[in-house]
Amino acid sequence: MSIQVNQIKGDIVELLFNPREEDLRVGENLCLRDPNSGQGLVVQVIEFRTASYPSLLREQLQLVLGAGGAPLLGGEGVSLADVADSLSPRPPAGTLEETLPEAELRNLKVAVAKIRQLIQGPGAAKPTPGLRTGDLGQAYWEQWDGWIPARDVVIERTADAEVFANCVVSAGNPLLLGRTLHGARFEVEGRDLEKVNIITGVKGAGKSHLAKVLLLQLIERGAPCIVFDINREYIHLPPHRLYPGTRKADRRGIIHLEAGGDPSGSSSSGRSLRLGIQQFGLGPLSTMMAKYGLPEVSAMYFENRVARLLEEVEETRQRGQRAPFIGIDQLIQMAEQNEFSAAGDRSTLIVNGAIRSRLEALRNTRLFARNPAEATSLRDYYDLVREGGALVIDISGLGNLARVGFVQAIIETIKEICEEEIASGSYRFPFVFFEEAHMYVNKSSIDYIVTRARHLGVTTFFVTNMIVAMDEVVLRQADNLFLLRLPFDDDVRHVAKSATTDYETMSAFVRRLRGFHALLIGRVTRGYPLIVEIDRLAGINTAGETKYFFRGQEAGGK
Ligand SMILES: Nc1ncnc2c1ncn2[C@@H]1O[C@H](COP(=O)(O)OP(=O)(O)OP(=O)(O)O)[C@@H](O)[C@H]1O
Ligand SMILES: [Mg+2]
């Protein structure tokens, strides 16, 4: 391969190469191997420059001068041509500069690469358990200790198999994400995706598409998933189909649930998702009441009374008796009967009045079931996808306040599902996708999920183009980052705080990523930054439902 080491400084290697022969790309992995010992370095290209070398300088100077070679300022006998000559000593024997014709030399480029790993020859050391190096007889990588090779190294592209063998641990749950820069299948281990993942990139870079790729792969591998879909982008993915009359899946796919949807089901493709007060839970209910401006004193009366009510209902249920249904209308009725504060003075009317007005506002959100028939059990739906499938919760029809409260309520339910899975020992924990999380999940809920994820078993994917809105704590907890093109420095600096890789690498890669390519870094790559071309999902309807004012010609418009 006609690539040569120009120089090594710190952990940066400059390589001279002829782009007509070698089409290197940013993110490419190269091996610099000592031909005798087999030891070497893995380096990764982070940027390109044009080459400058003495004879080019001479040529350029001569072009500026024209044919004659005018004297330098003052004209005291030294001409630019002389300077050019003194700047262009004979190139060292055997280098590209010496062997290539002048015209070829002009095209040479410099690849700036970062030293990543030290290569031990095959069989040199015991690989980490799970790594595939041993089986394949691949060279084994380890932490670079500062060793550098002599100039006469052999430079080769690192084979994809060697990269996988060293960076992707296999535990038998491969998820196909796409292709490497050289077109090989790129699979990650499902277990390494578990717990906290962040997908970010500039608008339109392909975040949601990547989330769909992950979702479909997880479903295929039998994972239960839940998606908060704010833009109706996931609802056209292949539907979950059951064998008639059973709860067993004939084809794994998605179940579209529409938060606050029409319970008669006549006006939507989704199934209505409305909750009773018990399912909604007191915490989210109080949050919503507070957001609707319920004063603190009234909130205290409200919480005390509703907590007692829920306890009574639970006791009834535990005694094996039929518990009464509680909806918003029942709570409004209680407020009308002054049940929230029964002191009998003026404050009673004020407190109950305040609570009643907020409950009426809540009723208008359409989130609450009006009768037991309308109440959906998320747990029942979860059971349908427990062996693979996704509940796509369409929250596009909700107002901002309703959305925050509703998602908080669902997060509580997810927590309960996890606790039940732990208690029963079945461990079918959900993989939860939050699209544009910053728009409806408050910071404390995100912190809670992220810090408790390991204990609860839940895995989360936060998909956002507002990465600066994501707390540093969350970034540091992230197991994996999926970065699409990210041209703005503020964003890059913020993501770099996750400390999974250095700012320099991250910045070099994410600003130069081609369309539909992502940089992966985290447990799935054993901390090694890898670029992958994301699968196109050919034949699958990934389209959302963007509504346009102007009609395109393809739609028959003029
Ligand atoms: N790997 C891919 N192969 C083919 N098409 C893709 C790929 N990634 C994204 N696209 C297409 O590019 C467009 C934008 O992708 P997507 O909606 O995923 O971007 P986004 O980053 O989520 O944008 P936004 O910030 O607006 O949510 C979509 O039409 C999508 O189908
Ligand atoms: Mg998107």
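Per the conditions (1) farther than 30 Å from F488 by Cβ; (2) surrounded by 15 or more Cβ atoms within 10 Å (Cβ to Cβ), the sole criterion not satisfied by T246 is (2). When we screen T525, T542, T505, T460 for residues that are touching a residue at least 60 places away in the same chain (Cβ under 8 Å) and within 25 Å of N400 (Cβ to Cβ), the only hit is T460.
Taking the stretch 373-401 as the region of interest, how many residues are touching a strand residue (DSSP E or B) at 6+ places or on another chain (Cβ under 8 Å), in a helix (DSSP H, G or I) and aliphatic (A, V, I, L, M)? Walk me through how you get there before you give the answer.
Here is the first cut: in the stretch 373-401, the ones touching a strand residue (DSSP E or B) at 6+ places or on another chain (Cβ under 8 Å) are 374-376, 378, 381-382, 384-398.
From what is left, the residues that are in a helix (DSSP H, G or I) are 378, 381-382, 384-385.
In the following step, the residues that additionally are aliphatic (A, V, I, L, M) were identified as 378, 384-385.
Looking only at that region, the number is 3.
Identify, please: which residue in the stretch 482-499 is assigned to a loop (DSSP other than H, G, I, E, B) and away from ligand 1 (no atom under 16 Å from the Cβ) and is, among those, modelled with the lowest pLDDT?
Residues of the stretch 482-499 assigned to a loop (DSSP other than H, G, I, E, B): 484-488, 497-499.
Those left that are additionally away from ligand 1 (no atom under 16 Å from the Cβ): 497-499.
Numbers: K497: 84, S498: 80, A499: 67.
Residue satisfying both the conditions and the ranking: A499.
Elements of the type strands (runs of 3 or more DSSP E) sitting completely within the stretch 141-213 and holding at least 1 residues that are hydroxyl-bearing (S, T, Y) and within 16 Å of ligand 2 (Cβ to nearest atom): these cover 196-200.
Check the stretch 342-351 and report whether any residue there is at pLDDT 90 or above, outside the structural domain of Q408 (by TED's automatic domain parsing) and charged (D, E, K, R). Looking for residues that are at pLDDT 90 or above, outside the structural domain of Q408 (by TED's automatic domain parsing) and charged (D, E, K, R), one finds none in the stretch 342-351, hence no.
Taking the options V213, V188, V168, name whichever one is among the aliphatic types (A, V, I, L, M), crowded, with 18+ Cβ neighbours inside 10 Å, over 23 Å from I540 (Cβ atoms) and out of contact with any Ser or Thr (no Cβ under 6 Å at 6 or more places or on another chain). Checking each option against the conditions leaves just V168.
The single residue among D502, D479, D535 that is touching a strand residue (DSSP E or B) at 6+ places or on another chain (Cβ under 9 Å), within 16 Å of ligand 1 (Cβ to nearest atom) and acidic (D, E) turns out to be D535. In the condition set (1) more than 14 Å from R157 (Cβ to Cβ); (2) in a strand (DSSP E or B), N36 is compliant with all but (2). Can we say E220 is in the same structural domain as D447 (by TED's automatic domain parsing), buried (at least 23 other Cβ atoms within 10 Å of the Cβ), in contact (Cβ under 8 Å) with a residue 60 or more places away in the chain and farther than 30 Å from V473 by Cβ? Answer is no for this residue.
Restricted to the stretch 248-293, the set of strands (runs of 3 or more DSSP E) holding at least 1 residues that are among the β-branched types (V, I, T) comprises 254-259.
Filter the stretch 453-481 for residues that are outside any helix (DSSP H, G or I), surrounded by fewer than 21 Cβ atoms within 10 Å (Cβ to Cβ) and not acidic (D, E) and give the result. Hits for the stretch 453-481 are G457, T464, N465, M466. Annotation: of all residues in the stretch 349-388 being within 15 Å of S272 (Cα to Cα) and small (G, A, S), the one that is nearest to the chain's Cα centre (by Cα) is S377.
As a summary of the residue check, D394 satisfies the conditions (1) in contact (Cβ under 8 Å) with a residue 24 or more places away in the chain; (2) over 24 Å from the mean Cα position of the chain (by Cα) except for the one numbered (2). Scanning the stretch 430-444 for residues that are surrounded by fewer than 20 Cβ atoms within 10 Å (Cβ to Cβ), closer than 18 Å to E412 by Cβ and touching a helix residue (DSSP H, G or I) at 6+ places or on another chain (Cβ under 7 Å) returns a single hit, N442.
The values are calculated or read from the model by the stated rules, or taken from the named source; none is laboratory data. Every value quoted in this text rests on a predicted model; they were computed, and no experiment measured them. Please note: Cβ atoms are built from the backbone with ideal geometry, for glycine as well, and neighbour counts cover all protein chains shown.
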